[in-house]
Ligand SMILES: C[S@@+](CC[C@H](N)C(=O)[O-])C[C@H]1O[C@@H](n2cnc3c(N)ncnc32)[C@H](O)[C@@H]1O
């Protein structure tokens with residue numbers, strides 16, 4: 001059975017209609033110690049020459065492709081996302097600024113691509129494979145469009161990433177008598193992803209970041225929690241939600257009072273694969 005969290009229609013409507021939710025969560029990267037940009041790190045690992053044809057799956061806001069073009073990447077750049085609201089601003093930017101060669105942003109499913117076999121040198125997928133209804137089917141499709149010497153970068157989180165945050169999410173579920181959403185990346189994590197990738201690809205490199213999220217006030221965690229509100233089932237009433245959030249806020253404030261800061265684990269990374 002396809003769960004809500006791998007159901008493209010549900011996700012586009014309740015989570016990724018536009019980039020708001022993603023940005024509330026991504027803001028937590030600013031509180032990571034040491035600081036890291038997984039996209040920059042991943043692109044460095046790929047040692048791009050500038051002419052590669054690149055396809056980004058689940059491209060979200062399209063920032064990676066925009067940055068590549070800004071850095072003078074000359075090859076074809078294509079971004080696909082099931083929710084066109086995610087890349088709407090990037091698409092507009094490309095049009096209005098006459099970016100050339102243009103970046104192609106397309107609405108579509110990442111497991112049924114309309115490109116001929118061996119179309120791309122590089123495939124990028126940052127934090128999206130775990131949303132695909134069939135992970136293995138998706139990987140077979142990615143292999144099809146990848147050139148024989150091509151490479152693919154797949155980024156995801158560790159199952160240990162932000163342990164406390166996920167515990168808070170469960171607690172909110174209990175307090176609001178609502179089912180809390182699972183840790184999205186549990187379907188394809190740094191720990192269980194390798195085996196899944198190896199059914200279609202050879203893993204040639206990998207990178208794991210281990211750090212900490214350090215907060216001096218609770219708001220960034222409360223904002224990130226807000227980003228999941230619509231995917232609790234049923235969606236809690238405002239009153240129940242606010243009451244539960246107050247409990248979480250109190251727990252974070254208590255830790256800050258005792259230690260001077262609140263700390264959670266940060267663990268994320270990527271795999272680089274060839275055919
Ligand atoms: C966690 S976000 C990551 C976005 C972007 N890669 C990033 O790292 O900022 C997951 C993205 O995958 C997209 N997505 C989910 N299911 C998809 C599918 N079946 N096909 C294509 N994109 C999908 C979502 O719309 C969303 O933009």
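What follows draws every value from the coordinates through simple rules; no lab data is involved. Computed from a prediction, not measured in an experiment: that's the story for all the values here. Cβ atoms come from the backbone with ideal geometry, glycine included; neighbour counts cover every protein chain shown.
A few notes on this one:
- Helix 84-96 vs. the chain, principal-axis angle (Cα, 0 to 90°, nearest 10): 50 degrees
- Length gained on full extension, residue 186 to residue 70, computed as 0.36 nm times the residue gap minus the Cα-Cα distance: 38.4 nm.
- Global form of the stretch 213-273, assessed from the alpha-carbon gyration tensor, a/c cut-off 1.5: oblate
- The stretch 184-200-the stretch 1-79 distance, computed between alpha-carbon centres (Å): 18 Å
- Residues residue 219 and residue 117, FRET efficiency given R0 of 41 Å [Cβ-Cβ distance, rounded to 0.05]: 0.25
- Using only the C-alpha atoms, the convex hull of the stretch 68-186 corresponds to 148 Å³ per residue.
- Scaled against the 2.2 N^0.38 Å expected of a compact globular protein of N residues, the Cα radius of gyration of the stretch 146-198 reads 1.57.
- Computed from the alpha carbon positions, the gyration tensor of the stretch 1-147 leads to an equivalent ellipsoid with semi-axes of 22, 20, 16 Å, biggest first.
- Pairwise Cα distances in the chain exceed 30 Å in 31 percent of cases.
- D (Stokes-Einstein, µm²/s), Kirkwood Cα radius, the stretch 1-67, 1.306 mPa s at 10 °C: 110 µm²/s
- Simple spin-label estimate for residue 239 and residue 45 in nanometres, 7 Å along Cα-Cβ: 5.0 nm
- Helix 238-259 and the longest principal axis of the Cα set of the chain meet at an angle near 90°.
- Mean-position separation - Cα centroids, the stretch 203-258 and the stretch 80-113, in angstrom: 30 Å
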